[in-house]
Structures are given as structure tokens and as C-alpha cells.
Amino acid sequence: MKKTALITGASSEVGSSISKILASNNINIIIHYNTNYESASKLEKEIKEKYNIETLLIKADLTKEEEIDKLLEESIKKFKKIDILINNAALDKPCLFSEKTSDNFKEILDVNLIAPFLISKKIGQLMVENKYGKIINIASTNGIDTYYPMCLDYDASKAALISLTHNLALEFKPYVNVNAIAPGSLKTEKDMKDLDSDYIRSEEEKIFKERFGRVEEIAYLVEFLISEKADYINNQVIRIDGGMY
């Protein structure tokens, strides 16, 4: 019986890359999105054309618990179980420290922390019942030792997501592997458009590999962590940042 994976924020560049590589491993894919229907439907079409798997395309606002419940209800109804959960969806609203508000902070926490908690709580319990599961939280080096006051709310959410990872690993032992991946700077279309060349160059100089990471390199790490080869890797935060000063 094929495994099933839920990828939140699957329409993003990282989420899309993860979805494709899991589909290539003969895993059914639940494609979650909130606003970007065009990218999500394009991803579903590409996956269906290339791989002999089933998909579910589903919209949900992760700041609303009732929509999270509906997402999980429809996923379980179609596939009966979820073997792999990738908590990838994330919100970031960088701005000057003086302009940050509690409402913005709470919204970021809702998407980046509360939603992974709620989804993991519900799915993790089912995984324990099935005696199998892999949960991977996409964190960030910003949640470890990279400091930018312009995105301190995002950074705080990722630090908390790392803490959540450790607690979930303890709660769902011994059947569910819970790990976090902490990417550094990634070469996404959005970042390449939003960041000026001088800033990019200065950031690349901090990286031993002297370049930003590629989204598929995150997907390769996910592919390894959900495989049998990584069955003894649990409760870990794995940096993937090219080596940073």
C-alpha cells in the first residue's frame, strides 16, 4: 500500500520541490495551499502527468482551526491515513522593528507555530495508532543563531517550531520520527526579486559554499529523512546552510 504525505504550503517553491520528489518515490501527495491556487493546481497537474500516484488538492487558511480540521478530515476520508507530514507552510512579513505590531506577530505565530502544533497533534496520534509516521518541520537558521530585527517575529516562530519538534518527538515515541530541517538562505524567485544584488553578495560571503541553497537541496534532505535509511534519525534539527560564519 502506497504511503501518503501531506505537505502544507505545497504551492511555495520549497513545498513544490518537496511534493515532486516525494511523488517520484511513489508516495500519494496531499497538496495544501491557501491563496496560490494557480501554482498549486499546476503542481498537481505536473505530478499526475509524471507519476502513478493519487493527489488531493485542498485549500485551507492555517490561521483558522476549523479549516485545519476540514483539511485533515478530507485527507483522512480520501486516503484513510497519513504517513508523512511536512510542516512547510510559513509566513514572513519583514519590516522595521518600530513598525511591528502584535497583530502581525500573532498572525505569523498562527501559521508558523500554532498550525504545525494542531496538525501534528491530530495526525501524530493517528501515526502512533498505526505504529508508523514521519513528521518533518521546516524551520530556519533564523530560529537558531541568525538575527534580523526586521523579521524577529518570524525568527521567534521558527525557534519555537524547533522546540515543538523536540516535544513532539518525545510525545510520539517510539513509532513516529520527528525532525526539523533548518535551511539557511535559499535562492528562490521571490528572494532574488525582492533582495538587491549588494545584499545577496554580502550574504553569500558569509557562506562557506559561497552561494545560496537551492530548493531541491531541501527536498533531497526530506527524501532521505522519510526513507528507511534514516529510521534511526529522530529528534534532530539538521542545518542545511552551506556552512555559515
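The values are calculated or read from the model by the stated rules, or taken from the named source; none is laboratory data. Since the structure is predicted, the reported quantities are computational estimates derived from the model, not experimental observations. Here the Cβ positions follow ideal geometry from the backbone for every residue, glycine too, while neighbour counts run over all protein chains shown.
Determine, yes or no, whether residue 89 is within 23 Å of residue 178 (Cβ to Cβ) and small (Gly, Ala, Ser). In short, yes. Of the helices (runs of 4 or more DSSP H) entirely within region 127-244, those holding at least 1 residues that are surrounded by 14 or more Cβ atoms within 10 Å (Cβ to Cβ) and touching a helix residue (DSSP H, G or I) at 6+ places or on another chain (Cβ under 6 Å) occupy 152-171, 215-225. When region 1-40 is filtered for residues that are among the small types (Gly, Ala, Ser), under 16 Å from the mean Cα position of the chain (by Cα) and assigned to a loop (DSSP other than H, G, I, E, B), the ones remaining, listed by number, are 9, 10, 11, 12. Looking at region 63-70, is at least one residue outside any helix (DSSP H, G or I) and modelled with pLDDT of 95 or more? Scanning region 63-70, I find at least one residue that is outside any helix (DSSP H, G or I) and modelled with pLDDT of 95 or more, so the answer is yes. Listed by first and then second residue, the pairs linking a residue in region 109-123 that is closer than 13 Å to residue 61 by Cα to a residue that is among the small types (Gly, Ala, Ser) and not in a helix (DSSP H, G or I), with Cβ atoms under 7 Å apart and 6 or more places separating them unless they lie on different chains, are 111/89; 111/90; 112/90; 115/89.
One residue stands out among those in region 91-126 that are assigned to a helix (DSSP H, G or I) and polar (S, T, N, Q): the one that is surrounded by the most Cβ atoms within 10 Å (Cβ to Cβ), which is 112. The condition of being of a type in the set (Lys, Arg), at pLDDT 95 or above, closer than 15 Å to residue 179 by Cα and out of contact with any Leu (no Cβ under 7 Å at 6 or more places or on another chain) holds for only one of 158, 106, that being 158. What's the number of the only condition in (1) among the hydrophobic types (A, V, I, L, M, F, W, C); (2) over 15 Å from residue 78 (Cβ atoms); (3) touching an Asp or Glu at 6+ places or on another chain (Cβ under 7 Å) that residue 31 fails to meet? Evaluating residue 31 over (1) among the hydrophobic types (A, V, I, L, M, F, W, C); (2) over 15 Å from residue 78 (Cβ atoms); (3) touching an Asp or Glu at 6+ places or on another chain (Cβ under 7 Å) leaves (2) as the failure. Does residue 5 meet the test of being at pLDDT 95 or above, among the small types (Gly, Ala, Ser) and within 18 Å of residue 122 (Cβ to Cβ)? Considered against the rule, which asks whether it is at pLDDT 95 or above, among the small types (Gly, Ala, Ser) and within 18 Å of residue 122 (Cβ to Cβ), residue 5 comes out as yes.
Condition check ((1) modelled with pLDDT of 95 or more; (2) touching a His at 6+ places or on another chain (Cβ under 8 Å); (3) closer than 22 Å to residue 215 by Cα) across all residues:
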site: 60; (1), (2), (3): yes, yes, no
site: 90; (1), (2), (3): yes, no, yes
site: 113; (1), (2), (3): yes, no, yes
site: 116; (1), (2), (3): yes, no, yes
site: 122; (1), (2), (3): yes, no, no
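Within region 182-202, residues that are more than 21 Å from residue 245 (Cα to Cα) and touching a residue at least 60 places away in the same chain (Cβ under 8 Å) sit with their Cβ atoms under 9 Å from residues that are among the small types (Gly, Ala, Ser) and part of a loop (DSSP other than H, G, I, E, B), at 6+ positions apart or across chains, in these pairs: 188/12; 190/12.
Residues that are charged (D, E, K, R) and either within 18 Å of the chain's Cα centre (by Cα) or on the phi > 0 side of the Ramachandran plot (or both) within region 68-83 comprise 80, 83, listed in sequence order.
Scanning region 41-62 for residues that are touching a helix residue (DSSP H, G or I) at 6+ places or on another chain (Cβ under 6 Å), part of a loop (DSSP other than H, G, I, E, B) and either surrounded by fewer than 16 Cβ atoms within 10 Å (Cβ to Cβ) or not hydroxyl-bearing (Ser, Thr, Tyr) (or both) returns 53, 60, 61, 62. Residues being touching a Leu at 6+ places or on another chain (Cβ under 9 Å), surrounded by fewer than 23 Cβ atoms within 10 Å (Cβ to Cβ) and within 30 Å of residue 192 (Cβ to Cβ) are entirely absent from region 1-12. The residue that is surrounded by the most Cβ atoms within 10 Å (Cβ to Cβ), counting only those in region 15-38 that are aliphatic (A, V, I, L, M), touching a strand residue (DSSP E or B) at 6+ places or on another chain (Cβ under 7 Å) and in contact (Cβ under 8 Å) with a residue 40 or more places away in the chain, is 18.
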